[in-house]
Amino acid sequence: MIDLHSHTTASDGHLDAGALVREAWQAGIRVLAVTDHDTVAAIVAAREAATALGLTLVNGIEITAIDGGRDVHVLGYFFDPDAPALGRCLVAQRAARRDRVRAMAVRLAECGVPVDMEPLLALTPVERAVGRPALAEALVAAGHVRSPREAFDSWIGEGCPAWVRRDGPSVRDVIAVLHDAGGLASVAHPVLYDRDDEIARWQAAGLDAIEVYHSEHGAADVARYRALAEGLGMLVTGGSDFHGERPARTSRSRPRILGRVSLPEDEFGRLLEARRLKAEG
């Protein structure tokens, strides 16, 4: 099995890199990409664990871009994690994440549901990405909600009282950073955006692939995005988007479990060929 979308405690996953790789192996996955949000902090540890098991690890990341005032997640693969431009981009992204968490905490306090995020932010290494899941867990710990799902649905999801829009680079800029680092760029879980008409525009900006296979994609979604990728001549990616949690994060989400989603081997072969051609220049 091939899973090119997963997360560790370096961003909003619940397992550290070693535990994630071991659980992936036990689930039958033999090719894995760790795609933490806006950080590559887990790649070294994940590679060590993967090498010990004989699992193939693909360098991965999920970078948040902004398009038309809305988030668009761009997956990157096969890049050099030490590329300078990528490093500068990720430092800025993680700083913006912290600023947003602080701004949302201020709004929560104004709503009468205060949480103190400063101790967590002070203890979290700058290489790790902090986002709304940490805020959701803080709301649970403070007794304001019963679960992270309730936190997202009631307080910090889009359109909720403590929601704060994110600032960040454009889709074009994120793609350029990934290409500069020698990587390929894929739009993540497109069904969550309801913006299929924009994919051709993102392709014109350099987007290489569409994440066709994803835990949130039903059979009709997979068929639709496969057809769209074929029609545009784009590559295909796929993965579970596993975070380590068993229940769905929000009432609108489906569970994301290792072993439930796999990229077909022939599609992975096309990604490898595209990587080879890019490396040859």
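Tabulated data
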item	result
Cβ pairs under 9 Å, 6+ apart, first in segment 252-276 and within 21 Å of Tyr193 (Cβ to Cβ) and not assigned by TED's automatic domain parsing to the domain that holds Ser186, second charged (D, E, K, R) and modelled with pLDDT under 95	none
Looking only at segment 192-247, and only at residues there that are in a loop (DSSP other than H, G, I, E, B) and of a type in the set (A, V, I, L, M), the one that is surrounded by the most Cβ atoms within 10 Å (Cβ to Cβ)	Leu207
Wholly within segment 69-167, helices (runs of 4 or more DSSP H) carrying at least 3 residues that are surrounded by 13 or more Cβ atoms within 10 Å (Cβ to Cβ)	84-110, 132-141, 148-151
Residue among Gly143, Gly182 that is in the same structural domain as Met117 (by TED's automatic domain parsing) and farther than 19 Å from His14 by Cα	Gly143
Residue within segment 183-191 that is closer than 20 Å to Thr35 by Cβ, of a type in the set (A, V, I, L, M) and over 15 Å from the mean Cα position of the chain (by Cα) present	no
Hey, Thr9 more than 12 Å from the chain's Cα centre (by Cα), surrounded by fewer than 22 Cβ atoms within 10 Å (Cβ to Cβ) and not in a helix (DSSP H, G or I) or not	yes
Pick from segment 23-46, criterion in contact (Cβ under 8 Å) with a residue 40 or more places away in the chain and in a strand (DSSP E or B), ranking: nearest to Gly87 (Cα to Cα)	His37
Residue match in segment 175-184 (condition: aliphatic (A, V, I, L, M), part of a strand (DSSP E or B) and in contact with a strand residue (DSSP E or B) (Cβ under 9 Å, 6 or more places away or on another chain))	yes
One residue from Leu20, Leu15, Leu57 being in a strand (DSSP E or B) and over 26 Å from Pro161 (Cβ atoms)	Leu57
Residue among Ala49, Ala45 that alone is more than 27 Å from Asp194 (Cα to Cα), surrounded by 14 or more Cβ atoms within 10 Å (Cβ to Cβ), assigned by TED's automatic domain parsing to the domain that holds Tyr193 and in contact with a Leu (Cβ under 9 Å, 6 or more places away or on another chain)	Ala49
Among (1) surrounded by fewer than 23 Cβ atoms within 10 Å (Cβ to Cβ); (2) among the acidic types (Asp, Glu); (3) not in a loop (DSSP other than H, G, I, E, B) - the single one Glu62 does not satisfy	(1)
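The values are calculated or read from the model by the stated rules, or taken from the named source; none is laboratory data. Only a predicted model underlies this, so the values are computations on that prediction, with no experimental measurement involved. Cβ: placed from backbone, ideal geometry, glycine included. Neighbour counts: every protein chain shown.
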